[in-house]
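Below is one structure; the comments refer to it alone.
The values are calculated or read from the model by the stated rules, or taken from the named source; none is laboratory data. Note that this is a predicted model, so its numbers are computed, not measured. Every residue, glycine as well, gets a Cβ built from its backbone with ideal geometry; the counts of neighbours run over all protein chains shown.
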């Protein structure tokens, strides 16, 4: 099977895109390498996202909030798929990605924006994690080698609506 690089984008790169990177790194290994970045990175990973990853038994090692500029500059790894996971990033003008990767918007409500009790905030992070986990599992079940680019684009767009 081919090896693919996947980039998850969000504005702050502190929760949703970080969780997606960790899920894909775990579930997609060894055929997928996952990255995450933000258009305006917060500079820190939300502790609630780290706790959610730990609850799921996923590694949070080496996860950091970073700019998408790292992936659009010379020497960056070639990206095969780019998924925006928040509404803000979907509306922003993304950098030019060399190699023209497949792109899709997989919008997920921002758990970091939830105000409420610790239990309500934890539930928001858990819900976001569950949606990401389901979408990534669906993506990984696609027969990538047998789909033409139009069919593949259609399928990854459908996943974002589930």
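Data table
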read-out: From the options 63, 132, 58, residue that is closer than 19 Å to residue 14 by Cα and in a helix (DSSP H, G or I); value: 132
read-out: Selection status of residue 71, over 13 Å from the mean Cα position of the chain (by Cα) and touching a residue at least 24 places away in the same chain (Cβ under 8 Å); value: yes
read-out: Some residue of segment 138-154 being at pLDDT below 90, exposed (fewer than 13 other Cβ atoms within 10 Å of the Cβ) and outside any helix (DSSP H, G or I); value: no
read-out: Residue, nearest to residue 21 (Cα to Cα), within segment 41-65, restricted to residues that are surrounded by 15 or more Cβ atoms within 10 Å (Cβ to Cβ) and either modelled with pLDDT under 95 or more than 16 Å from the chain's Cα centre (by Cα) (or both); value: 60
read-out: Of all residues making up segment 66-89, the number that are within 17 Å of residue 128 (Cα to Cα) and either in contact with a helix residue (DSSP H, G or I) (Cβ under 8 Å, 6 or more places away or on another chain) or buried (at least 16 other Cβ atoms within 10 Å of the Cβ) (or both); value: 6
read-out: Of all residues in segment 1-30 being touching a helix residue (DSSP H, G or I) at 6+ places or on another chain (Cβ under 6 Å) and over 25 Å from residue 147 (Cβ atoms), the one that is surrounded by the fewest Cβ atoms within 10 Å (Cβ to Cβ); value: 11
read-out: Check on residue 108, in contact with a strand residue (DSSP E or B) (Cβ under 6 Å, 6 or more places away or on another chain), modelled with pLDDT of 85 or more and part of a loop (DSSP other than H, G, I, E, B); value: no
